[in-house]
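A short write-up of the structure that comes next.
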Amino acid sequence: MLFNSYTFIVFFLILLVLHNATKLPWKIKKTNLLLASYLFYAVWNPPFVILLWLSTVVDFVVGKKLFHTEGKTKRRSLLVVSLVLNLGMLAFFKYGGFLLENFTLLANAMGFNYQPAKPSIILPVGISFYTFQTLCYTLDMYKKRITPEKSFLDFALFVTFFPQLVAGPIVRPAQLLPQFKTPRTANAAQLLKGLFLLSLGLFMKVVMADTMLAEPADQVFGASGSLTALDAWLGVLAFSGQIFFDFAGYSTCAIGIAACIGFSLPDNFRYPYAAIGFSDFWRRWHITLSSWLRDYLYIGLGGNRNGAIRTYANLMMTMLLGGLWHGASWTFVVWGALHGSFLCVERMFRPKPAQTGAVQEETSMEEVSAVIKSASFAPAFFQKRKVKLFFAAMLTFFLVNVTWVFFRSNDFSTAWRLLGSMFGLSEGAPVLPTINIIKVTVVTIALVATHWVMRNTSVMEVAQKTRWWVVGVVWAFMLIALILSQKSSDSFIYFQF
Amino acid sequence: MESKSFFKAGVLALFLVAAFVISWELFWRSKGAPVSFNDDEALWAKSRAEIYLPSDKSTVFIGSSRIKFDLDIPTWEKLTGEKAIQLSMVGTNPVPLLEDLADDPEFKGKLIVDVTEPLFFSLGPQASSSALEGIEYFKNQTPSQKFSSKINHALEANFVFLEEGKYSVTALLEDLELENRKDVFRFPPFPKGFEVTNYNRQTFMTQDFMNDSIQVQRQTAIWMGLGKLFKTPPIKGDTLQQYFTRIKKATDKIKERGGKVVFVRTPASGPMEAGTKAGFPRNVYWDQLLSFTSTQGVHYEDDPGTASFICPEMSHLSPADAIVYTQHLVKTLSAGQGGSFFTPKFK
């Protein structure tokens, strides 16, 4: 079910009472949470709950065996079982059509007249998210980073925990499993913080993404011909804002909902449009995915341990697969390739480790984080003056917007046509009505300004320092805007990933 | 901020929200705004699920906005003792809806199809998009969406300001009289009293709207403007014959299962009707449709009791005239060619 639906409000109120206001044993409360999570997922498409069960049972059993088995071959075989199941499901449901389409193209290019029936595969909501979450448990077991979870109930809840089940944040076993060990209910502060974040998340999704920006983005990306540069840029900026508000809104809701029942989830966004450079961007955008890709893919491929060329190749491979994770289309691959290229360029120009004191090899999360932090070239040049930093951030924002063209376009012809319009390479027609121009302009300026002002802090930190009545008025404003927007059923964009 | 201060902030927010909601609702009610449902996919899907009632207990209506205004559902239900299931969609070609019903083997009931020629004979994707989206929504509606729509409808039945098309942020921004860019289409906002929709999808215009000549003129101008903007040459020749074949295929499917189909042409007036008659001559379109599909038709011009209605804004009947029109329609159908449209219980 969607957070922005009446069904969820009823579901959440019942759960809040059952979890926070009863004195049921902790095991019963956890069972309630698990059943609620299955219900949360099943109301979309009940049969797909079976996939969750399958993934849970196989990874629980395989994970345990992986940890206790010593033989290299046996351990690898067990790992393959888990990978085949998890990635196999992902490949079938998400990439089945894409693979068949490309195979058909290839076969026809080679002279075979092959025309298979078009498959009709429904994508289970959030499959990319929970697949990555269970995969990291298996991979951690394989590397023996953590000990196997003894409680099947806790593990099932880790896989299925409803606040972040379908669109993240992607949580590591070490972040969530320990929280199931001791009884948790939300105290007054957590509950209020949670409700505030839930209000903020819904405001971002319903008011900003759906009401203010979705229509202009659709108008521009849905246009069949070339556009004026103004329209093309505003459409891309609209999408840029829409996808941020939509996805960060979901994450904020998830963190808020978890807080309301006494749990803590990691941050997923830290004002990404104030990023200075692309490595900084990826430390601020979809943080739990980028750290997953870094820890389980980039480092798995060898990271930066095998020379410069391999490092760049690993970086590109990571971003290409990161692009493909978002959708089964070559446009997503190009989006990933652009990000990978920008990251490589940044890395080429970044200061040498000797100059910055940054670590050379990734051996721990902290060190890796420092490496990526130092990969941003801009601070070395611009750290003296804030204005220059701001312009560096705007350059990053500009390039990020260029990449969004490929992310949002349904095909390459749309993407090229739009890029042509953005850079004045073609004559075009206007498509956005005046009201939408005003909406996009106001929201984009407010968005970028907010990100810049907030880039080194957080909403809760600011709320803590603000007078209570100001917080109350802002909170009321968000709720009133939500009520007035009245859009209660639009799906979150990232569900399709 | 301490949790005590956060608590105070929460209480203040709740107080402000409650004060706003009450004031906002009272404001619109003081302006005479009635409760009206969002005529969206969820409301349509609710009606779509009702089509499986026995054929002697219900009649399904498909078409565009005209039949939504012109059929007075209470009058129909009172006279026939049967439920009227309104599946028409505003600004929509009903043929995809007809095909959807024809392809549903469980639908064996009575069907009335409203023919508004500029829409009915439009093959452009714009005229069919709402119908296709509604069908898609109905087929893929999740349990969560069904439950949410029940709560939503309960709230909409009590709060005026919850009608998205008129009082949401988007609608209010659309109401701003900003000069629009040249050469960019912006759908003109309708006067708020023009369309009120009940839970059964009956649509009507308010008395305030009909009393306000400026609003009526504005709506009339909107129709004329849209007519000019979306003016496409009427389909002719082979295309028209193929279209008739497509319609016949659908009506035959329903008839073969024991269902009944009738086409109706509802009243219009003024330049809009004159333009329609000029663009879609009756003998080429309406008469051919009936003869090609071997289906009964009820044209408003054929009944002296319905031939001279004046539509306030040229396209839809007033609520009072809709009652009269419905009475005549029931009478005509009960004495239809080849037997009554209704089951013997109704005379």
**OP:** Might you let me know whether segment A:217-226 holds any residue that is within 11 Å of chain B (Cβ to nearest Cβ), in contact (Cβ under 8 Å) with a residue 60 or more places away in the chain and over 22 Å from the mean Cα position of the chain (by Cα)?
**Re:** yes
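Tally time: how many residues in segment B:10-48 are part of a helix (DSSP H, G or I), among the β-branched types (Val, Ile, Thr) and more than 8 Å from chain A (Cβ to nearest Cβ)? Even if it seems obvious, please write down each step before you answer.
So in segment B:10-48, the residues part of a helix (DSSP H, G or I) come out as B:10-30, B:41-48.
Filter once more, so that each one left must be among the β-branched types (Val, Ile, Thr): B:11, B:17, B:21-22.
Checking which are more than 8 Å from chain A (Cβ to nearest Cβ) leaves us with B:22.
Matching residues across segment B:10-48 total 1.
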Original post:
What's the number of the condition B:Leu226 fails, among (1) over 21 Å from A:Val431 (Cα atoms); (2) more than 14 Å from chain A (Cβ to nearest Cβ); (3) not basic (Lys, Arg)?
Top reply: (1)
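Among helices (runs of 4 or more DSSP H) lying entirely in segment A:392-495, which contain 1 or more residues that are free of Cβ contacts under 8 Å to residues at least 40 places away in the same chain and either within 11 Å of another protein chain (Cβ to nearest Cβ) or crowded, with 19+ Cβ neighbours inside 10 Å (or both)?
Details: elements: A:412-422, A:434-454, A:459-465, A:468-485.
Where helices (runs of 4 or more DSSP H) fall fully within segment A:392-495 and carry at least 1 residues being free of Cβ contacts under 8 Å to residues at least 40 places away in the same chain and either within 11 Å of another protein chain (Cβ to nearest Cβ) or crowded, with 19+ Cβ neighbours inside 10 Å (or both), they are A:434-454, A:459-465, A:468-485.
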Original post:
So B:Glu77 clears everything in (1) away from chain A (no Cβ under 14 Å); (2) in contact with a Lys or Arg (Cβ under 8 Å, 6 or more places away or on another chain); (3) touching a residue at least 24 places away in the same chain (Cβ under 8 Å) except one condition, right? Which one?
Top reply: (3)
Original post:
Regarding B:Phe7, is this residue assigned to a helix (DSSP H, G or I) and not basic (Lys, Arg)?
Top reply: yes
Original post:
Within the bounds of segment B:110-118, is there any residue that is in a loop (DSSP other than H, G, I, E, B), away from chain A (no Cβ under 14 Å) and among the basic types (Lys, Arg)?
Top reply: no
Original post:
Got a sec? Which of B:Ser148, B:Ser130 is within 18 Å of the chain's Cα centre (by Cα) and of a type in the set (S, T, N, Q)?
Top reply: B:Ser130
Original post:
Quick one: which of B:Leu26, B:Leu12, B:Leu16 is modelled with pLDDT of 90 or more and more than 21 Å from B:Asn158 (Cα to Cα)?
Top reply: B:Leu12
Subject >> Meets criteria (closer than 29 Å to A:Asp246 by Cα and of a type in the set (Ser, Thr, Tyr)) for A:Thr56 >> reply: yes
Original post:
Among the residues of segment A:49-58, is any modelled with pLDDT under 90, in contact with a helix residue (DSSP H, G or I) (Cβ under 8 Å, 6 or more places away or on another chain) and within 14 Å of chain B (Cβ to nearest Cβ)?
Top reply: yes
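Please verify whether segment A:308-318 includes one or more residues that are surrounded by 20 or more Cβ atoms within 10 Å (Cβ to Cβ) and of a type in the set (A, V, I, L, M, F, W, C). Step through it out loud before you land on a result.
Filtering segment A:308-318 for residues surrounded by 20 or more Cβ atoms within 10 Å (Cβ to Cβ) gives A:314-315, A:318.
Filter once more, keeping what is of a type in the set (A, V, I, L, M, F, W, C): A:315.
For segment A:308-318, residues surrounded by 20 or more Cβ atoms within 10 Å (Cβ to Cβ) and of a type in the set (A, V, I, L, M, F, W, C): present.
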Subject >> Unmet requirement for A:His68, which otherwise passes all of (1) surrounded by 19 or more Cβ atoms within 10 Å (Cβ to Cβ); (2) of a type outside the set (S, T, N, Q); (3) away from every other protein chain (no Cβ under 13 Å) >> reply: (1)
**OP:** At least 3 residues that are crowded, with 20+ Cβ neighbours inside 10 Å and facing chain A (nearest Cβ under 7 Å) in each: list the helices (runs of 4 or more DSSP H) lying fully within segment B:130-183 that qualify.
**Re:** B:143-156
**OP:** Report, ordered by the first and then the second residue, all pairs with beta carbons closer than 9 Å, sequence separation of six or more or different chains, a first member in segment A:3-16 that is at the interface with chain B (Cβ under 10 Å from one of its Cβ atoms), and a second member that is among the acidic types (Asp, Glu) and in a helix (DSSP H, G or I).
**Re:** A:Asn4/A:Asp210
Subject >> Hey, B:Asp103 closer than 29 Å to B:Tyr300 by Cα, away from chain A (no Cβ under 14 Å) and at pLDDT 90 or above or not >> reply: no
Subject >> Selection from segment B:251-292 of residues that are in contact with an Asp or Glu (Cβ under 8 Å, 6 or more places away or on another chain) and in a helix (DSSP H, G or I) >> reply: B:Lys253, B:Thr276, B:Gly279, B:Trp286
**OP:** Quick one: count up the residues across segment B:306-323 that are in contact with a helix residue (DSSP H, G or I) (Cβ under 9 Å, 6 or more places away or on another chain) and assigned to a helix (DSSP H, G or I).
**Re:** 4
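Would you confirm, using the coordinates I've provided, whether A:Phe98 is over 15 Å from A:Thr131 (Cα atoms), without any contact (Cβ under 8 Å) to a residue 12 or more places away in the chain and not in a loop (DSSP other than H, G, I, E, B)?
It is false that A:Phe98 is over 15 Å from A:Thr131 (Cα atoms), without any contact (Cβ under 8 Å) to a residue 12 or more places away in the chain and not in a loop (DSSP other than H, G, I, E, B).
From the list A:Gly340, A:Gly323, A:Gly303, exactly one residue is part of a loop (DSSP other than H, G, I, E, B) and either in contact with an Asp or Glu (Cβ under 9 Å, 6 or more places away or on another chain) or buried (at least 20 other Cβ atoms within 10 Å of the Cβ) (or both). Which is it?
Working: A:Gly340 fails: part of a loop (DSSP other than H, G, I, E, B); A:Gly323 fails: part of a loop (DSSP other than H, G, I, E, B).
The conditions single out A:Gly303.
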Subject >> Count of segment B:21-54 residues which are of a type in the set (S, T, N, Q) and surrounded by 19 or more Cβ atoms within 10 Å (Cβ to Cβ) >> reply: 3
**OP:** Being in contact with a Leu (Cβ under 9 Å, 6 or more places away or on another chain) and among the hydroxyl-bearing types (Ser, Thr, Tyr) is the filter; apply it to segment A:1-38 and report the residue that is surrounded by the fewest Cβ atoms within 10 Å (Cβ to Cβ).
**Re:** A:Thr31
Original post:
Hey, does segment A:175-186 have a residue that's aliphatic (A, V, I, L, M), buried (at least 20 other Cβ atoms within 10 Å of the Cβ), touching a residue at least 40 places away in the same chain (Cβ under 8 Å) and part of a helix (DSSP H, G or I)?
Top reply: yes
Original post:
Do we have B:Ile51 as at pLDDT 95 or above and more than 9 Å from chain A (Cβ to nearest Cβ) here?
Top reply: no
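Could you list, in sequence order, the residues of segment B:49-97 that are polar (S, T, N, Q) and assigned to a helix (DSSP H, G or I)? Spell out how you get there, then give the answer.
Taking segment B:49-97 and keeping what is polar (S, T, N, Q), we get B:55, B:58-59, B:64-65, B:75, B:80, B:86, B:88, B:92-93.
Across segment B:49-97, the qualifying residues are B:Ser65, B:Thr75, B:Thr80.
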Subject >> Hey, B:Thr251 crowded, with 16+ Cβ neighbours inside 10 Å, in contact with a Leu (Cβ under 9 Å, 6 or more places away or on another chain) and under 23 Å from B:Asp70 (Cβ atoms) or not >> reply: yes
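Restricting the search to segment A:246-290, which residues are within 25 Å of A:Leu389 (Cα to Cα), assigned to a helix (DSSP H, G or I) and touching a residue at least 60 places away in the same chain (Cβ under 8 Å)? Reasoning before the result, please.
Of all residues in segment A:246-290, those within 25 Å of A:Leu389 (Cα to Cα) come to A:248, A:267-287, A:290.
Add one more test, that the residue is assigned to a helix (DSSP H, G or I), and what stays is A:248, A:272-274, A:278-282, A:287, A:290.
Once the filter is applied, which keeps residues that are within 25 Å of A:Leu389 (Cα to Cα), assigned to a helix (DSSP H, G or I) and touching a residue at least 60 places away in the same chain (Cβ under 8 Å), segment A:246-290 yields A:Pro272, A:Tyr273, A:Ala274, A:Phe278, A:Ser279, A:Asp280, A:Phe281, A:Trp282, A:Ile287.
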Original post:
Of B:Val216, B:Val196, which residue is more than 14 Å from chain A (Cβ to nearest Cβ), buried (at least 18 other Cβ atoms within 10 Å of the Cβ) and touching a strand residue (DSSP E or B) at 6+ places or on another chain (Cβ under 8 Å)?
Top reply: B:Val196
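The values are calculated or read from the model by the stated rules, or taken from the named source; none is laboratory data. Since we're looking at a predicted model, the values are computed, not measured. Please note: Cβ atoms are built from the backbone with ideal geometry, for glycine as well, and neighbour counts cover all protein chains shown.
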